[in-house]
Structures are given as structure tokens and as C-alpha cells.
Amino acid sequence: MSRKYTVSVVIKNIIAWMVSIVMMVPLLLIFINSLKDKAQASSMGMDLPKTLHFENYLIVIERGKLLRSFFNSMFYAGSAILIAILLTSMAAYVLARNKTRLNRFLYFFIIMGLAMPVNYVSLMKVMQLTHLNNTRIGIALLYAAIQVPISVFLIYGFIGTIPLELDEAGILDGCSPIRLYFNIVMPLLKPVLVTVAILTFMDAWNQFSIPLYYLNSSTKWPMTLAVYSFFGQFHKEWNLVSADILLTSLPVLIIYLLGQKYIISGMTVGSVKG
């Protein structure tokens, strides 16, 4: 290894560490202030708490009804993941393996959703006509639908890296199309499916506008709306607000840290072919 290469790697690592530290400052600020009392947290400074107030988290969970909101968010995110993985992976497989003009058009039509904004007025009419407005199932379906373009795009590219000979061997062994997909192809899609699952979870967990517009009942609110409501009631108690924000952000951080290697491999491998 040359000296020049070593110096270059060290400089890049230093820059990466500096950027990471800067990105972590807001989270550290929230964490520190979540352990302070009301008076000390009012300035939202980086000074350490004089005494640790872990009871802030218990107060937030009780007053903010976070347990109910947590299970709502888990239902929305979990349902969206199952729907997105199952439907988009099968659609991407058909579109990638049968490259007819119609399928090519459908593929580009679907991924146009990456650039198209959500029309909330038209969507409201659709939700009302289908009686899905202000329902948990309706929100879960919306979350899954939003992930369709990016999911199809990623899985379509990943399927291009799987040899077609595997499909042919499965057909020769007497596999039906359904069995061929679920027994042979789907297990090979694990990296990109985990990537889709993590991205879907993060997007569903952080959604704010959709539940705000399409959920009228506070008992069905996810954690993002619970934080919004809690801030409106306790906006002067920054220690409680900080604890609320931290508890809401924690599941996303854990899921991302556990699955970051799959996100990288799923995106890089799928980008080789498309």
C-alpha cells in the first residue's frame, strides 16, 4: 500500500467522522435536554443536566398516549411492508423477465411515481368513495402505494442480476410460475427485499401529511401526529418535548442501524443492471 493511498484514506475517514459528528449534534441535543428539568431545558443548550430526570420518559408515555400511537405506527408500517414486498416484488419479476413493449411501458409508468407529487384532493375523493378515509387499513394501503415506484425500481434492477437459467431449470423441474417465484427467485431477492422493507418502514414511520389529512380520530394517530399534538400542549416544557421526539425517533434509528448493510448491498447490486 502506497503512502499516498494511506494518506488519502486517512483524510477521507477524518472527513467522514466530522460529517457524522455534525449530523449527530441535533440528536445529542435532544437526548441531553430530555434528561433535564423544565427550567434547565428551557434554554435548549448543550450543557449537561445537573440531575438526570428519567421520569420525563414515563410522563411522556402516559400523557402523550405513546403506547397507543406506537402500536398504530407499527401496524401502519408493518402492513405497508408486507403489501409492498409481496406485490411489488411479483410485479417487478414479471416486468423484468417478460420485456414486451407493454411491460416496458408499465415499468416506466410505475416509476414515474418517483417524480410525481401526491394529489391530496383527488386522493381524498378516492378514499371517500372506497370508504377507506379515517381507517387504519386505508392509511396502510396509502403507505404501501407510495412505496410502489421506488420498490419496483430497486427490485427490477436486482432481478436483472439473477441468471435466467435458474428460471429455466425450475420450469424443467416442473415448477409452476407461483412456485418458481416463491421457491427459487424470492429467496435470492433477500438483500433488496430487506432494503425495500427498511425504506418502507422509515418512510411509513415518518409520515406526517397523510395521517394528518386522512385520519380524523386521534385514537388512530401514529407517533408523528402524537408528537405534534404533544408539542401543542407542552410547547413550554422542552424536556418533555425532547423526550417525546427521542422516543419517536428511536425505532427508526434502530431499524436503520440493524439493516444498513442490506440497504447498501440492495442498492449497489441492483444498480449493475436495469
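The values are calculated or read from the model by the stated rules, or taken from the named source; none is laboratory data. In this text the structure is predicted, and so the values were computed from the model without any measurement. A quick note on method: Cβ atoms are made from the backbone with ideal geometry, for glycine too, and the neighbour counts reach across all protein chains shown. Heads up: the accessible areas ignore ligands, DNA and RNA and are worked out on the full protein's heavy atoms, side chains in. Shrake-Rupley method; radii C 1.70, N 1.55, O 1.52, S 1.80 Å.
Structure above, values below:
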| item | result |
| --- | --- |
| Top-ranked residue in the range 22-57 [being of a type in the set (Ser, Thr, Tyr) and under 17 Å from Thr248 (Cα atoms); ranked as least open to solvent (accessible area, probe 1.4 Å)] | Ser34 |
| Within the range 42-75, tally of residues that are under 13 Å from Phe230 (Cβ atoms), under 26 Å from the mean Cα position of the chain (by Cα) and of a type in the set (S, T, N, Q) | 1 |
| In the range 197-211, residue least open to solvent (accessible area, probe 1.4 Å) [restricted to those that are among the aromatic types (Phe, Trp, Tyr) and farther than 17 Å from Pro149 by Cα] | Trp205 |
| Criterion: without any contact (Cβ under 8 Å) to a residue 24 or more places away in the chain, closer than 20 Å to Ile210 by Cβ and hydrophobic (A, V, I, L, M, F, W, C) - qualifying residue of Phe75, Phe71 | Phe71 |
| Residue that is farthest from Ile137 (Cα to Cα) [pool: residues in the range 234-252 that are without any contact (Cβ under 8 Å) to a residue 24 or more places away in the chain and open to solvent by 20 Å² or more (accessible area, probe 1.4 Å)] | His235 |
| Which listed residue, of Phe109, Phe70, is open to solvent by 70 Å² or more (accessible area, probe 1.4 Å) and either at pLDDT 90 or above or of a type in the set (A, V, I, L, M) (or both) | Phe109 |
| Qualifying residue in the range 238-260 (condition: modelled with pLDDT of 85 or more and assigned to a loop (DSSP other than H, G, I, E, B)) | no |
| Single match in Leu172, Leu180 (criterion: modelled with pLDDT under 90 and open to solvent by 40 Å² or more (accessible area, probe 1.4 Å)) | Leu172 |
| Residues of the range 202-219 classified as under 18 Å from Ile61 (Cα atoms) and at pLDDT below 90, total | 2 |
| One residue from Ile162, Ile198, Ile171 being of a type in the set (Val, Ile, Thr) and free of Cβ contacts under 8 Å to residues at least 24 places away in the same chain | Ile171 |
| 3 or more residues out of contact with any helix residue (DSSP H, G or I) (no Cβ under 7 Å at 6 or more places or on another chain): qualifying helices (runs of 4 or more DSSP H) within the range 144-210 | 164-172, 177-180 |
| Hits in the range 221-233 (condition: open to solvent by 40 Å² or more (accessible area, probe 1.4 Å) and either hydrophobic (A, V, I, L, M, F, W, C) or modelled with pLDDT of 90 or more (or both)) | Trp221, Phe231 |
| Residues being surrounded by fewer than 19 Cβ atoms within 10 Å (Cβ to Cβ) and either at pLDDT 85 or above or more than 16 Å from Ile245 (Cβ to Cβ) (or both) - total across the range 58-67 | 5 |
